[in-house]
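The values are calculated or read from the model by the stated rules, or taken from the named source; none is laboratory data. Everything quoted here is computed from the prediction, not taken from an experiment. Heads up, the Cβs are rebuilt from the backbone with ideal geometry, glycines too, and the neighbour counts pull from every protein chain shown. Note: areas computed on protein heavy atoms with side chains; ligands, DNA, RNA excluded. Shrake-Rupley method; radii C 1.70, N 1.55, O 1.52, S 1.80 Å.
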Amino acid sequence: MKTHTLLLGVSLACGAVALSCSQAPRSDRGGTDPELTAFIGKIRVVDNHSHASSVAPGDSDQDALPLEAIFPFEVPVRLRPDINPDWMSAYRALYKFPHSDLSDAHMNELRATMRQVAENQGDKFPAWVLDQIGTDVLLTNRIAMGPGLAPPRFRWVSYVDALMLPLSTKAEAAASPDREKLFPFEDKLLRRYLADLHVNKLPATLEAYLESVVTPTLEAQQKGGCLAVKFEAAFLRSLDFDDASLEAARPVYSRHIRGGEPSHADYKVLQDFLFRYIAREAGRLGMAVHIHSFHGPGNFYRAAGADPLLLEPAFNDPALRKTNFVLIHGGGAYSAHSEAMLWKPNVFVDISGLTLLYTSARLAEVLRGWLTQYPEKVLFGSDAAAYGPDSGWELAAWIATRTGREALAIALTDMVRAGEVSRESAREIATMVMRTNAAKLYNLELR
Ligand SMILES: [Zn+2]
């Protein structure tokens, strides 16, 4: 069996290194196997998805679609430090927070400690964070990297939705109050990409646009160390990228490139064509394609448009079989649909975001479904980002990584006890999910 062979082929030697941090999963969670739990606690992690902050003051390159733009919106309880005790655990682990309450006085003390640690570590702060958590390599999804985020430990994932949107987005943006605020960021990013290429005006034809803007931007990203390109399209449209031909897309581009509002149907044809072009080019350049697939966030987000099943026609496109796709956040509430997509040879899932928003017990259920089918296609991820003044990316990374380790310990303990996998296979699967699946997907040379 394919899976079995793969499991046996994975070396464990690179995974287990003693940790100086407190990332050991709480072994009482779900009565997990103590030995397996300890093993998972020591795996040096490759984190598939985050938005780590650089140490640049006022770092503004963290996200192409900054969610502050659509604040306020409902925030799940696990992201609220005043309710979810995991934040307190993270304060203790990273900043030696000595108190057991978050009173104003104690929070002020904590903020002073955070500032002090950041100041002491300087440019080394991001790497210091990884050391505390037991993370070896962190993929960070940003407009551009920045000070403190250097390879080999920090690897870049760029944003490419802007390249899919060369025409006016005014009519598209009118679809919802959230989109009204988000689309202008894509317009701005496309202008930045044009400026980087020293192109001062969008070309008159679609072919010229592909040749002088889209491909050179992707090539520059690849040269800049990009491992993958990311679509946040589900914030802006549905993920049903049809197979639009160049002949169908060409007139839409030339009719509207000098102004005017394309109809939604026309713009969809052009976007669909560009999505598949970008995905094909990414594959040619050896970069994976990351796609946000989750049931939020936002007040007007359209969860139905983020269903991974909508991507099936694109995944089935024979012309895209040299491109690897990763469903970021595993489809969220559609995790079973992601499981169906794992049949495709070039589709992977990550658990980023789920590691922050789900309890370890709930995430274990999701993982068990995937791990019993395609353990070689499941990647650990945190979605660590600066969620607020008292919930920086380093704290989110700490929580998400511990939750991921715990969930894996629960799922694999259950699988061992049910006789589905041997104890040895369970250790191999854990290493694959936390480390080697990503290393293989991105050809990372791990030390
Ligand atoms: Zn993210």
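Ignoring the sites themselves, what is the longest stretch of the chain with no GluC sites (Glu not before Pro) in a DSSP loop and at most 11 other beta-carbon atoms within 10 Å?
With GluC sites (Glu not before Pro) excluded where exposed in loops, the chain gives 75-444 as its longest stretch.
Probe radius 1.4 Å, ligands and nucleic acids ignored: give me the carbon and sulfur share of the accessible area of segment 92-218 as a rounded percent.
On segment 92-218, the fraction of accessible area on carbon and sulfur atoms equals 54 percent.
Restricting to DSSP H runs of at least four residues, report the calculated mean residue ellipticity at 222 nm for the chain, -39500 (n - 2.57) per run over all residues, nearest 500 deg cm²/dmol.
It lands at -12500 deg cm²/dmol.
First check a/c for segment 288-417, with a ≥ b ≥ c the square roots of the eigenvalues of its C-alpha gyration tensor; if it is under 1.5, answer rounded, and if not, answer prolate when a/b is larger than b/c or oblate otherwise.
It comes out oblate by the Cα gyration axes.
Just to be sure I understand the model, the point goes 7 Å from the Cα along the line to the Cβ. What's the resulting ALA333 to GLU211 distance in nm?
About 4.7 nm, to one decimal.
If you plug each phi of segment 180-192 into the Karplus form 6.51 cos²θ - 1.76 cosθ + 1.60 with θ = phi - 60°, what whole-Hz ³J(HN,Hα) values come out, in order, with x for Gly and Pro?
Each residue of segment 180-192 in turn: 4, 7, 7, 4, x, 5, 6, 4, 5, 5, 5, 4, 5 Hz.
Have a look at the DSSP beta bridges in the chain and tell me what percent are antiparallel, nearest 5.
Given both bridge residues lie in the chain, the antiparallel proportion sits at roughly 5 percent.
What angle, in degrees between 0 and 90 and rounded to the nearest 10, separates the Cα long axis of helix 246-256 from the longest principal axis of the Cα atoms of the chain?
70 degrees
Once you have a ≥ b ≥ c as the square roots of the Cα gyration tensor eigenvalues for segment 346-392, tell me rounded if a/c is under 1.5, and otherwise prolate or oblate according to whether a/b is larger than b/c. Please report the intermediate quantities before stating the final value.
Working: a/c = 4.68, a/b = 1.88, b/c = 2.49.
Oblate shape, in that a/c is at least 1.5 and b/c is the bigger or equal ratio.
Let me cross-check LYS201: its accessible surface, 1.4 Å probe, with only protein heavy atoms counted, in Å² to the nearest 10?
Taking all protein chains as shown, LYS201 has close to 130 Å².
Which value, in debye to the nearest 20, describes the size of the charge dipole of the chain about its Cα centre when Lys and Arg Cβ atoms bear +1, Asp and Glu Cβ atoms bear -1, and nothing else is charged?
Dipole size: approximately 740 debye.
What percent do you get for the relative contact order of the chain when only Cα pairs under 8 Å and 6+ apart count?
22 percent
Give me the net charge for the shell around SER245: Cβ to Cβ below 11 angstrom, other residues only, Lys and Arg +1, Asp and Glu -1.
For residues surrounding SER245, the net value is -2.
How long is segment 172-331 along each principal axis, judged by its Cα atoms, biggest number first, in Å?
37, 35, 29
Over the alpha-carbon set of the chain, divide Rg by the Kirkwood Rh and report the Rg/Rh ratio to two decimals.
Over the Cα atoms of the chain, Rg/Rh equals 0.97.
Give me the number: length gained by fully extending GLN116 to GLU365, i.e. 0.36 nm times residue separation minus the C-alpha to C-alpha distance, one decimal in nm.
That works out to 85.7 nm of additional length.
On a full-extension model of 0.36 nm per residue, what is the gain between ASN299 and ALA204, subtracting their alpha-carbon distance, rounded to one decimal in nm? Let's see the in-between values first.
On the way: separation 95, 0.36 × 95 = 34.20 nm, distance 3.72 nm.
The ASN299-ALA204 span can extend by a further 30.5 nm.
Just the number please: accessible area per residue for the chain, 1.4 Å probe, all protein chains included, in Å².
40 Å²
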